[in-house]
Structure formats: structure tokens, C-alpha cells
1. Could you please tell me which pairs satisfy a Cβ distance under 6 Å, a separation of 6+ or placement on different chains, a first residue in the range A:32-61 that is within 11 Å of chain B (Cβ to nearest Cβ) and over 20 Å from B:Asn7 (Cβ atoms), and a second residue that is part of a loop (DSSP other than H, G, I, E, B) and of a type in the set (A, V, I, L, M)?
2. State the number of residues belonging to the range A:62-72 that are free of Cβ contacts under 8 Å to residues at least 12 places away in the same chain and closer than 22 Å to A:Glu84 by Cα.
3. Can you tell me which residues in the range B:69-91 are within 12 Å of another protein chain (Cβ to nearest Cβ) and in contact with a Cys (Cβ under 8 Å, 6 or more places away or on another chain)?
4. Scan the range A:86-106 for residues that are within 14 Å of chain B (Cβ to nearest Cβ) and either modelled with pLDDT of 95 or more or part of a strand (DSSP E or B) (or both) and jot them down.
5. Of the residues B:Leu66, B:Leu47, which single one is of a type in the set (A, V, I, L, M, F, W, C) and within 14 Å of another protein chain (Cβ to nearest Cβ)?
6. Counting only residues that are of a type in the set (Ser, Thr, Tyr) and either more than 17 Å from the chain's Cα centre (by Cα) or at pLDDT 95 or above (or both), which one in the range A:10-34 is surrounded by the fewest Cβ atoms within 10 Å (Cβ to Cβ)?
7. Say we look at the range B:93-111 and pick out the residues that are modelled with pLDDT of 90 or more and more than 7 Å from every other protein chain (Cβ to nearest Cβ); which of these is surrounded by the fewest Cβ atoms within 10 Å (Cβ to Cβ)?
8. Could you pull out every one of the strands (runs of 3 or more DSSP E) wholly within the range A:1-85 that has 3 or more residues that are of a type in the set (Val, Ile, Thr)?
Amino acid sequence: DTEVTQTPKHLVMGMTNKKSLKCEQHMGHRAMYWYKQKAKKPPELMFVYSYEKLSINESVPSRFSPECPNSSLLNLHLHALQPEDSALYLCASSQVKRANTGELFFGEGSRLTVL
Amino acid sequence: DQQVKQNSPSLSVQEGRISILNCDYTNSMFDYFLWYKKYPAEGPTFLISISSIKDKNEDGRFTVFLNKSAKHLSLHIVPSQPGDSAVYFCAASAQGQNFVFGPGTRLSVLP
């Protein structure tokens with residue numbers, strides 16, 4: 001199994017809603033990532049979890065709340081978002097060891113629209 | 001300030017010819033470089049990588065060249081095929097974490 005699965009694929013929410021994006025991988029990767037990608041822009045790192053602990057938070061607003069309940073799952077909880085938060089949210093995973101190939105395996109993304 | 005730059009937003013190449021995609025970086029701590037390919041409505045797919053201890057890595061039709069002194073890498077695709085048409089992102093990392101992506105180059109391979 002070399003897949004990173006993200007659900008839902010599409011999400012439309014109002015600014016007062018609370019929703020969550022989910023990500024799952026069964027490759028034994030112990031590093032998991034959330035990226036945000038706006039149209040015609042590169043993916044921008046939001047959070048990194050390493051061994052289920054938050055290791056990097058790239059100054060993301062608190063209306064985005066990540067959670068890593070176990071080594072296979074990564075969630076992104078959304079609350080009180082703004083229309084400018086509309087984007088493709090990509091989950092990725094990788095091995096953590098320094099000497100490894102280090103490539104990221106990406107999911108297909110969850111396209112979020114905030115009304 | 002962008003740490004990873006891809007100065008060509010787009011590139012068109014005839015089928016069968018060579019495609020050369022370029023990438024420059026500014027952070028001398030980067031020790032691992034990757035190329036990703038992205039089709040519309042899909043997540044990026046890992047293509048090929050190179051460690052800073054090497055200057056060339058080849059995988060089938062894809063070859064990545066690294067020039068550390070110039071802080072420059074390039075991806076060569078030969079021969080180019082229509083299915084190679086996609087956006088190509090260069091990415092760099094220090095010690096295998098916190099990958100930084102370039103803005104991407106849209107490659108169109110014309111039949």
C-alpha cells in the first residue's frame with residue numbers, strides 16, 4: 001500500500017462551521033505533513049508531525065488545528081475559517097530517518113471552499 | 001524571499017525532444033533535492049531525487065543534475081512524451097524534513 005488517502009475530496013463550509021479534513025497512510029511513515037496550495041502556486045508547508053508529535057508549525061492561524069491521533073492518521077480541524085482559506089489542502093507522509101530517500105508521498109488533496 | 005526558484009513558468013517541447021527544467025536555490029543548508037510532477041486535480045507525485053553528495057542521478061528517461069557551487073539543479077527528460085505534460089515542482093530540504101517547493105514550471109509536450 002503506497003497510498004495517502006484524504007477525505008473528503010471536496011468540502012464547502014461557511015465561516016461559522018466546524019469541519020475536519022482527514023488523512024491516512026499505511027506505509028509505516030512516521031512523518032506526516034499538511035500543505036496548503038492555492039491556484040497556480042507551490043504547496044506551502046503548514047504543519048509537520050514527527051513520531052506523532054508536532055515538530056513544525058509554520059505560523060499557521062489558530063483556526064487551523066492539526067491532530068495526529070496515531071502513526072497512520074492525521075487530521076486538520078477547521079473552525080471559523082475565512083474565504084481566503086479556500087485552497088487545496090494536501091496531506092503527505094515520509095520516512096523520518098535522515099539517511100533515507102526522504103521523498104514525500106502526497107494524497108490527492110481536499111479542495112476546500114469557504115463561503 | 002523564495003529559497004527555491006524556478007524562473008520559467010512554462011516550457012513547450014516537441015515530442016521526442018529533450019525537456020530541460022531548471023531550478024535554483026539560495027539556502028546552502030539544503031542537502032536533498034527532489035522533483036515532483038503534478039497533474040490537475042491530483043497531488044504531486046515524486047519523480048526523482050538527488051543528494052548533495054552526488055552531481056547526477058538517472059532513472060529511465062529522467063536525469064537530475066546538481067551543481068552545488070552554482071546552487072542550481074536541472075531535470076532532463078529525454079525523449080519527452082505527451083504524457084509528461086504537467087507542472088513540475090523542484091523541492092529542497094535540509095536533513096530530510098521541511099521540504100520547500102519552488103513555484104513550478106508547466107511543461108507542455110506537443111505531439
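1. Once the first residue is within 11 Å of chain B (Cβ to nearest Cβ) and over 20 Å from B:Asn7 (Cβ atoms) and sits in the range A:32-61, its partners that are part of a loop (DSSP other than H, G, I, E, B) and of a type in the set (A, V, I, L, M) give A:Ser50/A:Val96.
2. 1
3. If the condition is that a residue be within 12 Å of another protein chain (Cβ to nearest Cβ) and in contact with a Cys (Cβ under 8 Å, 6 or more places away or on another chain), then B:Cys90 is the only one that fits.
4. A:Ala87, A:Leu88, A:Tyr89, A:Leu90, A:Cys91, A:Ala92, A:Ser93, A:Ser94, A:Phe105, A:Phe106
5. Step by step, each of B:Leu66, B:Leu47 is checked, and only B:Leu47 is of a type in the set (A, V, I, L, M, F, W, C) and within 14 Å of another protein chain (Cβ to nearest Cβ).
6. Among them, the one singled out is A:Thr16.
7. B:Pro111
8. A:4-7
The values are calculated or read from the model by the stated rules, or taken from the named source; none is laboratory data. Since the model is a prediction, treat every value here as computed from it, not as a measurement. All Cβ positions, even for glycine, are placed from backbone atoms using ideal geometry, and neighbour counts span all protein chains on display.
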